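Encoded as structure tokens, the structure appears first; notes follow it.
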Amino acid sequence: MTSIVEIPKAKVDEAVPPWMKIDWSDEVLHDIYRDWGTYYSRRRRENFALHYLNKALDLEPRDHMTLYKRCQTKRKAAQMLGALQDSRDAAKLAREADGEEKAFIQLDICDVLYELNQFENSKAALHNNMRVFTGNKRKSFEQRVVVIDGVIEDVTGEAMTAFFSKNHKTAEVVNNLMKQKLKVDTRPLWKVLKELGQCDVQSIQDVEEELLSPMEIARRKRAFNIFHQSYINDSWVDVLFMKMLCKNPNLLLPQCKESSYFLHNISRKQYEIVRKFMKMLQSRSPLYLVNYLKYRNKAMSDRYRESYLYRVQYQTHRTMNTVLKQIRILRKAQKVQLLSKYVEEVMGDYVVLKTSRVMCWKFEFLNEVYNTLALALAEQLRVPKNFNSNSSSAILRLLRMPTDKVKDFVSLVFGDRSTHPEPDANDPAANRAKKLTARLERRMVFAKYSIEKCYLLHQLAQTHLDQGRHSECTYNARRAIRESQNCQSNLWKFLSIVQIVKANAVLHKLEQTKEALEDALPIARLLVDSNLEFFIETCIMCNTQEAITKRATISASRRESRAESAAPSMLSEQDYK
């Protein structure tokens, strides 16, 4: 039999708080919980306050004062819908208990409607209560009416007229979109999807990721900062910090399985509370009203905007000259890797965020940068001095490819997991290549000019080649060739064909390498560069020599195999004689 461990009574008495040892009645416990809820609410600890107020309501559900206090606590936690319901329930219970309306509860209902941005409903409720109450009770409602009238005048006054007259086209588009969202389609889902040309038999719909352009991301980020700067001045940094905390991996450590869940909920909840209060401020004093009050003189405002535009244009022009100067220095120093990294940072982080109005010579700047990079890449394709074309792997050394780490190409077979490359999460080079590939593919979606697409596809091909994905390298290089025809750039077409040559040479595909080199030779002649022409001719010679050596090796191995197969039969013949 299992023995039952008896806990000493003294330890039980120590674990239980002294006040719980008294057999309190429900009325006393209700008052205790309500007082605790009021205490925590005054100190802005809404979670504890709501906990004890809920326990008080469990003991006495028809206490209108407890509901009134819980309504005030929910207002502090930005739970406006719950606060409105509590205030209305409290008014109903107070009316049933005393037979008359409570002015402070009705005033709370009007305040909640005001905080819900229902200004018309709040104004109507205030006027109704002004007919009911008299004396000092009426004065509170009169003061609220003055505030409501001022807000409505600010929102629908001259500022809104000026804003809509300036942005009437955008307002019409937004209005049409809102009307379409309000329409409820009662047809079955499969019929709606069939008319849209989408899959109508998929049980779980795919959630499409919202793909934003870099300029749109920067615009939203700037609008976020301006919005908070306009209302809370220097405290906007704190809101930005709270937003970053919601996704900060240093705070939400996946290793801390228990604490990360609570920290995520706390950070998200507090940020949502701040955002709700900011939306209340924006509804009472819209951003177009703030701008209208700040720039009442339209001529002065236009002059200020024009001078600011000129300053930005001038600074952008200076930055463009600095970038071009640095690119020429790196090209002259033959630091091609640093040049490629610098170009990617400048074009991917700075230039994509500039419009043609700010960067007046944007297209010419793009051409200058990408053509300079292409010239630097082409200058690498040179035949070194005392080069021996008869040595093994001569074409790989000529193409600046590694000769000691060449991996055998394994074709992917569907269903055979042994042919799939295993992901290496601890390889920093593979992680960097993965991030770079995702960045280039994202930029490719929003690329506008063909020369920029040539550069992006060439860099994608190079990244895949460095990771040993030769088929992807060849595919992107062919796409770059098609884009080079649109912009009539023989230089980028030549560099893309060289990428195909590298991918085939690494895999020792001699016929495909020969075809690619034959395609590159006429383009090198069109570029009127004797060094590039000599380089391609040397590559053709090395490829031909490798083909001859391979055929000789195969013939010798065949003769040896034939001799080995014929040797036993000759011996048996001699033994027979």
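The values are calculated or read from the model by the stated rules, or taken from the named source; none is laboratory data. Note that this is a predicted model, so its numbers are computed, not measured. Positions of Cβ are backbone-derived with ideal geometry, glycine not excepted, and every protein chain shown enters the neighbour counts.
Structure notes:
- Of the residues LEU293, LEU281, LEU309, LEU251, the single one that is at pLDDT 90 or above, of a type in the set (A, V, I, L, M) and over 25 Å from VAL358 (Cα atoms) is LEU281.
- Here the condition is being of a type in the set (Asp, Glu) and outside the structural domain of MET65 (by TED's automatic domain parsing); of GLU142, GLU172, it holds for GLU172 alone.
- Meets criteria (in the same structural domain as ASN531 (by TED's automatic domain parsing) and either at pLDDT 65 or above or in contact with a Pro (Cβ under 7 Å, 6 or more places away or on another chain) (or both)) for PRO384: no
- Considering residues of segment 330-378 that are of a type in the set (Val, Ile, Thr) and part of a helix (DSSP H, G or I) only, the residue farthest from TYR314 (Cα to Cα): VAL336
- Number of positions in segment 382-397 that are touching a helix residue (DSSP H, G or I) at 6+ places or on another chain (Cβ under 8 Å) and among the basic types (Lys, Arg): 1
- A Cβ distance below 6 Å, combined with a sequence gap of six or more or placement on separate chains, defines the contacts here; from segment 95-118, residues that are over 11 Å from LEU84 (Cα atoms) reach residues that are among the aromatic types (Phe, Trp, Tyr) and surrounded by 14 or more Cβ atoms within 10 Å (Cβ to Cβ) in the pairs ALA103/PHE133.
- Among the residues of this structure, THR355 counts as one that is exposed (fewer than 15 other Cβ atoms within 10 Å of the Cβ) and farther than 30 Å from ARG382 by Cβ.
- Restricting attention to segment 146-190, the residues that are outside any helix (DSSP H, G or I) and within 29 Å of TYR114 (Cβ to Cβ) add up to 2.
- Within segment 216-300, helices (runs of 4 or more DSSP H) holding 2 or more residues that are touching a residue at least 60 places away in the same chain (Cβ under 8 Å): 259-284, 287-294
- Count - residues of segment 503-526 that are out of contact with any helix residue (DSSP H, G or I) (no Cβ under 7 Å at 6 or more places or on another chain) and closer than 13 Å to LYS493 by Cβ: 1
- Of all the numbered requirements in (1) among the β-branched types (Val, Ile, Thr); (2) assigned by TED's automatic domain parsing to the domain that holds ASN117; (3) modelled with pLDDT under 80, VAL184 misses one, and that requirement is (2).
- Going through (1) touching a helix residue (DSSP H, G or I) at 6+ places or on another chain (Cβ under 6 Å); (2) buried (at least 17 other Cβ atoms within 10 Å of the Cβ) one by one, GLU344 falls short only on (1).
- Single residue of GLU14, GLU46 found to be at pLDDT below 95, of a type in the set (D, E, K, R) and either in contact with a helix residue (DSSP H, G or I) (Cβ under 6 Å, 6 or more places away or on another chain) or not assigned by TED's automatic domain parsing to the domain that holds GLU96 (or both): GLU46
- Considering each residue of segment 302-324 in turn, none proves to be surrounded by 14 or more Cβ atoms within 10 Å (Cβ to Cβ), of a type outside the set (Lys, Arg) and closer than 30 Å to VAL151 by Cα.
- Looking across ILE536, ILE500, one residue alone is aliphatic (A, V, I, L, M) and more than 23 Å from VAL343 (Cβ to Cβ). It is ILE536.
- Some residue of segment 179-194 being closer than 23 Å to GLN72 by Cα, basic (Lys, Arg) and surrounded by 13 or more Cβ atoms within 10 Å (Cβ to Cβ): no
- Segment 365-397 - residue that is surrounded by fewer than 18 Cβ atoms within 10 Å (Cβ to Cβ) and of a type in the set (Val, Ile, Thr) and, of those, farthest from LEU510 (Cα to Cα): THR372
- Within segment 453-507, being closer than 15 Å to ASN371 by Cβ, over 32 Å from the mean Cα position of the chain (by Cα) and assigned to a helix (DSSP H, G or I) holds for ASN490, LEU491, LYS493, PHE494, LEU495.
- Identity of the residue in segment 66-100, assigned to a helix (DSSP H, G or I) and acidic (Asp, Glu), that ends up modelled with the lowest pLDDT: ASP98
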